[in-house]
Amino acid sequence: MTHHDRVSGLPKRRKRDPKGTRDRLVRAALELFTTRGYHGSTTPQIAARAGIAEGTIYRHFESKSHLLNEIYRAGIRLLAATLRQEPAGLSCQGRLRRLASEWRVLASQNPPLVKFIFSTDLEQLLDHKSRDARRSFRFELEKVIAAGKSAGEVRAGSVELWTELWLRLITLVLERTATDDWPLDHPAADQVLDGAWEAIRRPLR
């Protein structure tokens, strides 16, 4: 057997795929964070779910907290992207309805991410970058509702309050969609979406 034969007969080393490894880590962490909670999930469990050695986590993330915040910011960016892609000419009601519909599709396609983003247990776990990202997202949504108020579509009062009210009702729809209780064609979802608009629209005279 020649030297070449001996070398070529050896098992090939697996080519590294940093992006693939990172993606598996994110998916594993999301699944555990949304089923066991952040504190109930350990880095050994995340690594085992991702099929990697625990030490590999720290090649991509400084800590479990860093991993959580990176996932959160990525999710916020996905939601915010739809805010920046709104077509011209839509009414405030049309824009909000389109946003909610886009987010519902995301909830059906990636339930763990949406459940994670809208979790009420994250507040104390978010770092300053994540809080800034959340504030920027809310500000963009507030601008949509403020434009509706200026156009006479949204009732008088606090834009911040109407944004919070609308978003809380939409969150209910997203959570039910993510848990598959309300599929995309479920009539209850449409009823809540209609109710969310009715809660903030300017009363008819």
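The values are calculated or read from the model by the stated rules, or taken from the named source; none is laboratory data. Here the structure is a predicted model, which means the values were calculated and not measured. Backbone-built Cβ (ideal geometry, glycine too); neighbour counts: all protein chains shown. Remember, those area values only see protein heavy atoms, side chains included, never the ligands or the DNA or RNA. Shrake-Rupley method; radii C 1.70, N 1.55, O 1.52, S 1.80 Å.
Things to note:
- Among [x] 37; [y] 31; [z] 28, the entry derived from the coordinates for percent of Cα pairs over 32 Å apart: [y]
- Cα-based shape type of the stretch 136-175, given that a ≥ b ≥ c are square roots of the gyration tensor eigenvalues and the cut on a/c is 1.5: prolate
- Protein accessible area in the chain, 1.4 Å probe - carbon and sulfur %: 51 percent
- When Thr56, Thr120 are compared by accessible surface with a 1.4 Å probe, the order from highest to lowest is Thr120, Thr56.
- Only Lys, Arg, Asp and Glu carry charge here, each on its Cβ (+1 for the first two, -1 for the last two); on that basis the chain has a dipole of about 760 debye about its Cα centre.
- Gaussian network model of the chain, Cα within-10 Å springs - most flexible of Ala88, Ala29, Ala107: Ala88
- Straightening the chain between Ala147 and Asp185 buys 10.7 nm, computed as 0.36 nm per residue apart minus the Cα-Cα spacing.
- Per residue, the chain exposes 59 Å² of solvent-accessible protein surface, assessed with a 1.4 angstrom probe and all protein chains in place.
- Think of the chain as a dipole: +1 on every Lys or Arg Cβ, -1 on every Asp or Glu Cβ, centred on the Cα centre; then among Ile200, Leu67, Leu169, Leu67 lies furthest on the positive end.
- Against the criterion of solvent-accessible heavy-atom surface with a 1.4 angstrom probe, Lys129, Lys19 sort, most first, into Lys19, Lys129.
- Span from the the stretch 149-196 Cα centroid across to the the stretch 21-76 one, whole angstrom: 31 Å
- For the chain, hydrophobic long helices are taken as DSSP H runs at least 18 Å long by C-alpha position along their axis with mean Kyte-Doolittle hydropathy of 0.5 or more; these are 159-178.
- Among the lysines of the chain, pairs that are 8 or more positions apart or on different chains and have alpha carbons within less than 24 Å of each other number 7.
- The stretch 95-157: C-alpha gyration tensor shape, a/c 1.5 cut-off, then a/b vs b/c: oblate
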